[in-house]
Structure formats: structure tokens, C-alpha cells
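Asker: One structure coming up, written as C-alpha cells, with questions to follow.
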Amino acid sequence: MKALTPFLLLALGACSIVPETGRRQTVWFPESYMNSMGASAYAEATGEYPEITSGAQYEMVQRLGQKIAKAARVNYDWEFKLLDAPQTVNAFALPGGKVAIYSGILRVAQNEDALAAIVGHEVAHAVAQHGNERMTQKMLATGVTTAADVLLASWGNMDESARAGWMEAIGAGASIGFILPYSREHESEADEIGLRYLIRAGYDPHEAPKFWERMAELSGDNRPAEITSTHPDPLKRAERLRSLIPRFLEEEKGGAARR
Ligand SMILES: [Zn+2]
């Protein structure tokens, strides 16, 4: 019972509001911890492929990355890497604003607006702290008392092997913790937030549903893991995005006028 009081305090203190949607979420891991784990997972994951650092596609990634980052209105140390991986149809964003785009997704994106839709979706996962929330949920599932003890011991003071052991116990080992499949709720939320970023950044939002329709045409094996694992059918997703566009265009236009 002794551990219950600090737990309750932590649970209350760790409630946070998701930007754009206003949903309440519980996130326990300190942002500094998430960001430093994000940075090391980023170095590890992007190190697997050569980086493309010049040319038209590189320029496009930098340009749209900056626009999406601005639309997200979060002060991260943003990085947008384009990886030379023509067989990989994928992209991801890690806590702290570390974004990677595998060159294989460019042929499905086909244009800058669609690529901005993908990046917007990934950036939304990072800004909405979906990784932190998922790890928190795992922690709760593992055991409340232990969770409270670990938090009280503080992440900063824990030695590397103890921390690694704990991360493994909650199923969020090393970099994989950030690249685990998101829940359906997180996916829908990232779609919604990403669509707002897309509109705010001045891109054509209609390219988002069109991208998902092209994704639906790919065979199962070629679809990116992040995007398909727990996802609704890509066509349902396209349909939902399309239904949100008129309202979001109107709301974002109003927002722009007020600013
Ligand atoms: Zn996603």
C-alpha cells in the first residue's frame, strides 16, 4: 500500500493534453528521457542505410520538412533524413522531432503534397507523444507498484543495464520501443493531426486520401510495417481523411485569419 500514494500522485501529475485534438492522455516518461532515447534510436535506425544529402529529392524533403515542422508549432531540434532504401516503403518520426524517410516511399507518394501528408502523419505521432503514452500503458500493464518505484528511483540515476532490463520487461527494448505498432486510436489521431499540418503548411490535403488509395493497391508485403500493422483498411482511412477535409480547411482558414 505504501507505493500507492506516490503512484496516485504520479498518475495525476502525468496527465497531458494532446495538441490539436484536446484528448487527455497519461504520459509518465520525462520528455528529456524520451528525446534522448529518440535521438539514439534515430542514429541507430538511420545508420542502416546510406543517407541522401543532395539532389532534388533531398531538397524536397528538407523543404517540406521545415514547412510541416512550422505547422506543428513545437520547438524541437528537427531533423529530416532521406535514406537511400528503394525497397523500403516507410517513414517514421521519433520523439524530439527526428524524422526519417526511406526513398522507397517516394514512388508511392509521387508528389510533394503526398509526401508532406506522410511526414505530417509521422510528425503528429511524435508531437502527440504516442510513444510515451504507449510505453506508459505497457508500464501500467506490467505493474503499478513496480512502475511507481522505478519512477521514484528516477530514470536519470538508473544505471544503463538496469534501465535496459526494465525497458525489456515492459516490451520497449532499445530503439524498438519507438517503432512498435501504434494502436488504432493513435493512428486515427495522427491522421487527423497530420491533415491539419498539411493544410497549415499550404499543401493540397486531397493528396492524403489519394496516397492511401495508392497504398491499398500495393501488395501486403510491400506495405510499410508502421503504416499497416494495426491499421484500419487503407481505403477506409482514405475515406475518413476525405470526409475531414472540408471542415479542416474551413477551421484552418479561420485560424489563419485570427493569427
Ligand atoms: Zn502511424
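Asker: Taking into account only those residues within the range 4-47 that are more than 20 Å from TYR197 (Cβ to Cβ) and part of a loop (DSSP other than H, G, I, E, B), which is modelled with the lowest pLDDT?
Answerer: Within the range 4-47, the match that is modelled with the lowest pLDDT is ALA14.
Asker: Which ones in the range 188-238 are among the acidic types (Asp, Glu), within 13 Å of the ligand (Cβ to nearest atom) and at pLDDT below 95? If you could, list the steps in order and put the result at the bottom.
Answerer: Kept after step one, since they are among the acidic types (Asp, Glu), are these residues of the range 188-238: 189, 191-192, 204, 207, 213, 217, 221, 226, 233.
Next cut, within 13 Å of the ligand (Cβ to nearest atom) only: 189, 191-192, 226.
Of everything in the range 188-238, just one residue is among the acidic types (Asp, Glu), within 13 Å of the ligand (Cβ to nearest atom) and at pLDDT below 95, namely GLU226.
Asker: If the Cβ limit is 7 Å and pairs must be 6+ apart or interchain, which residue in the range 233-246 that is in contact (Cβ under 8 Å) with a residue 40 or more places away in the chain pairs with which residue that is of a type in the set (A, V, I, L, M) and buried (at least 16 other Cβ atoms within 10 Å of the Cβ)?
Answerer: LEU241/LEU195; LEU241/ALA208; LEU244/LEU195
The rows are residues; the columns are (1) assigned to a strand (DSSP E or B); (2) touching a residue at least 60 places away in the same chain (Cβ under 8 Å).
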| residue | (1), (2) |
| --- | --- |
| SER54 | no, no |
| GLN57 | no, no |
| ILE68 | no, yes |
| ALA71 | no, yes |
| ASP77 | no, no |
| LYS81 | yes, no |
| ALA85 | no, no |
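Asker: Still on this structure, I have one more. Please find, within the range 22-81, the residue that is nearest to GLN137 (Cα to Cα) out of those that are surrounded by 19 or more Cβ atoms within 10 Å (Cβ to Cβ) and of a type in the set (Phe, Trp, Tyr).
Answerer: So, considering only residues that are surrounded by 19 or more Cβ atoms within 10 Å (Cβ to Cβ) and of a type in the set (Phe, Trp, Tyr), the one nearest to GLN137 (Cα to Cα) is TRP28.
Asker: From the list GLY55, GLY96, which residue is at positive phi and modelled with pLDDT under 95?
Answerer: None of the others qualify; the one that does is GLY96.
Asker: Just a yes or no: is a residue in the range 80-91 under 17 Å from the mean Cα position of the chain (by Cα), hydrophobic (A, V, I, L, M, F, W, C) and at pLDDT 95 or above?
Answerer: yes
The values are calculated or read from the model by the stated rules, or taken from the named source; none is laboratory data. Predicted model, so just to flag it, every value in this text is computed and none were measured. Glycine gets a Cβ as well: all are built from the backbone with ideal geometry, and neighbour counts include every protein chain shown.
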